[in-house]
Ligand SMILES: [Zn+2]
């Protein structure tokens with residue numbers, strides 16, 4: 001989606017011509033229950049030619065594939081005895097409590113984020129599931145603070161201060 005009616009909000013080179021408040025109003029049309037159902041909010045800005053043409057070496061698709069396969073295996077093992085459950089995203093709220101345990105520091109971070117971003121119970125569960133997946137991708141048994149922080153980051157469209 002575009003983030004504003006003119007489409008240039010946050011564009012690195014062009015200016016957004018939307019009047020004050022228009023961006024918030026535009027975003028509010030897709031807020032709440034719909035955004036709650038989307039796991040990852042990622043802001044993408046246009047890529048300029050220099051960046052496209054640069055020979056900077058990114059992680060290869062093969063590497064990423066391997067990491068994803070490993071995370072999938074971890075999740076298969078986790079849900080091995082449950083026939084209709086293969087991935088973290090499919091967990092019930094009950095299962096999230098069992099599987100996505102976080103320490104006191106993590107709980108504190110999440111509590112602050114919930115209050116600051118005004119997150120719903122559904123968004124809370126999403127964050128825990130995504131944090132579990134990020135930990136799986138990193139090959140970590142426990143969800144670390146950094147995994148949680150990254151998962152919270154993916155709720156950017158929930159932020160009250162977004163485009164504010
Ligand atoms: Zn605009």
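Just so it is clear, none of the values below were taken in a lab; they were calculated from the coordinates. Quantities reported herein were computed from a predicted structural model and do not represent experimental measurements. Neighbour counts are summed over all protein chains in view; Cβ atoms, including those assigned to glycine, are modelled from backbone coordinates with ideal geometry.
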#### Entry: Near pairs, Cβ below 6 angstrom, 6+ apart or cross-chain, from region 7-20 (within 19 Å of residue 47 (Cβ to Cβ) and touching a residue at least 24 places away in the same chain (Cβ under 8 Å)) to any residue that is within 6 Å of the ligand (Cβ to nearest atom) and in a loop (DSSP other than H, G, I, E, B)
9/16
### Message
For region 1-28, give me the residue count where each residue is within 14 Å of the ligand (Cβ to nearest atom), within 30 Å of residue 90 (Cβ to Cβ) and exposed (fewer than 11 other Cβ atoms within 10 Å of the Cβ).
### Response
1
### Test for residue 40: is it without any contact (Cβ under 8 Å) to a residue 40 or more places away in the chain and more than 14 Å from the ligand (Cβ to nearest atom)
no
### Message
Tell me yes or no: at least one residue of region 43-58 is surrounded by fewer than 15 Cβ atoms within 10 Å (Cβ to Cβ) and touching a residue at least 40 places away in the same chain (Cβ under 8 Å).
### Response
yes
### Query
Which is within 20 Å of the chain's Cα centre (by Cα) and more than 16 Å from the ligand (Cβ to nearest atom), of 77, 58, 53, 71?
71
## Note on the structure
Of the conditions (1) in a helix (DSSP H, G or I); (2) under 18 Å from the mean Cα position of the chain (by Cα); (3) over 17 Å from residue 40 (Cα atoms), the single one that residue 102 does not satisfy is (1)
### Query
(1) closer than 16 Å to residue 124 by Cα; (2) surrounded by 13 or more Cβ atoms within 10 Å (Cβ to Cβ); (3) free of Cβ contacts under 8 Å to residues at least 40 places away in the same chain: which one isn't true of residue 85, the others all being true?
(1)
### Query
Out of all the residues in region 90-118, which are within 26 Å of residue 79 (Cβ to Cβ) and surrounded by 15 or more Cβ atoms within 10 Å (Cβ to Cβ)?
91, 95, 96, 99, 100, 102, 106, 110
